[in-house]
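*Asks:* Mind having a look at this structure? Questions to follow.
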Amino acid sequence: MIDQQYLPVFIQVLVAIGFAAVSLTLSVVLGKSARRNKTKDTAYECGMLPIGDGAPRFSVKFYLVAMLFVLFDIEVVFLYPWAVQFRDLVGHGDPTALVSAAGFAGILAFAYVYALKKGALSWK
């Protein structure tokens, strides 16, 4: 019926299903039932009454600024390991460490200026 090598897996599945069923049953049987009323059953939205549309429309500018923030934030994260190892890299007399980081920062600066010129960060 059940292959011998699958028996531990089958037992574990049965124990998991049994534990879930027993936990839910004990929760219903032993748990305290709260009194319900209209005020407690309404949705709580940070103190605001839940009137109107549930998902207001946002301008694309919000998403564009968020994407630019994540993009530049991740690129700055790549500079952190370089900054930690900078003393060791310069100590060996290797000028490529500074040149490569300056090139990376130059690309970031170019991308930032490009985003400013395109008006990606203007809120008008």
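*Asks:* For segment 1-101, run through the chymotrypsin sites (Phe, Trp or Tyr not before Pro) and keep only the ones in DSSP coil with at most 11 other Cβ atoms within 10 Å of their Cβ.
*Replies:* Sparse-neighbourhood loop chymotrypsin sites (Phe, Trp or Tyr not before Pro): Tyr44, Phe58.
*Asks:* When only alpha-carbon atoms count, how far does segment 60-118 stretch along each of its three principal axes, as whole angstroms with the largest first?
*Replies:* If we take the Cα atoms of segment 60-118, the spans are 48, 19, 8 Å.
*Asks:* Karplus couplings for segment 9-22 from phi (6.51 cos²θ - 1.76 cosθ + 1.60, θ = phi - 60°), rounded to Hz, Gly and Pro as x?
*Replies:* Coupling constants for segment 9-22: 5, 5, 5, 5, 5, 5, 5, 5, 5, x, 4, 5, 5, 5 Hz.
*Asks:* Quote the charge dipole size of segment 60-118 about the Cα centre in Debye, to the nearest 20; the model charges only the Cβ of Lys and Arg (+1) and of Asp and Glu (-1).
*Replies:* For this selection, approximately 340 debye.
*Asks:* Apply the a/c threshold of 1.5 to the C-alpha gyration tensor of segment 1-40 and tell me whether it is rounded, prolate or oblate.
*Replies:* The shape class here is prolate.
*Asks:* Output ³J(HN,Hα) for segment 108-124: one whole-Hz value per residue in order, computed from phi by the Karplus curve 6.51 cos²θ - 1.76 cosθ + 1.60 with θ = phi - 60°, and x for Gly and Pro.
*Replies:* For segment 108-124, the Karplus curve yields 4, 5, 4, 5, 5, 5, 4, 5, 5, 5, 6, x, 5, 9, 8, 9, 7 Hz.
*Asks:* Any idea how far apart Leu98 and Leu24 come out in nm if each label point goes 7 Å out from Cα toward Cβ?
*Replies:* Distance between label points: 6.7 nm.
*Asks:* Now a separate question. Select from segment 51-110 those trypsin sites (Lys or Arg not before Pro) which occupy a DSSP coil region and have at most 15 other Cβ atoms within 10 Å, ordered by residue number.
*Replies:* Here the sparse-neighbourhood loop sites are Arg57.
*Asks:* Something else: Is the shape of the chain rounded, prolate or oblate, going by the alpha carbon gyration tensor and its root eigenvalues a ≥ b ≥ c, with a/c under 1.5 for rounded and a/b larger than b/c for prolate?
*Replies:* It is oblate, given that a/c is not under 1.5 and a/b is not larger than b/c.
*Asks:* Return the sequence-ordered ³J(HN,Hα) values of segment 83-92 in whole Hz as given by the Karplus equation 6.51 cos²θ - 1.76 cosθ + 1.60 applied to θ = phi - 60°, using x for Gly and Pro.
*Replies:* Each residue of segment 83-92 in turn: 5, 5, 8, 4, 4, 5, 5, 6, x, 7 Hz.
Taken together, the values in this text are just the output of simple stated rules run on the coordinates, not laboratory data. All values derive from a computational prediction rather than experimental measurement. Methodologically, a virtual Cβ is constructed for each residue, glycine included, from the backbone with ideal geometry; neighbour enumeration extends over all protein chains shown.
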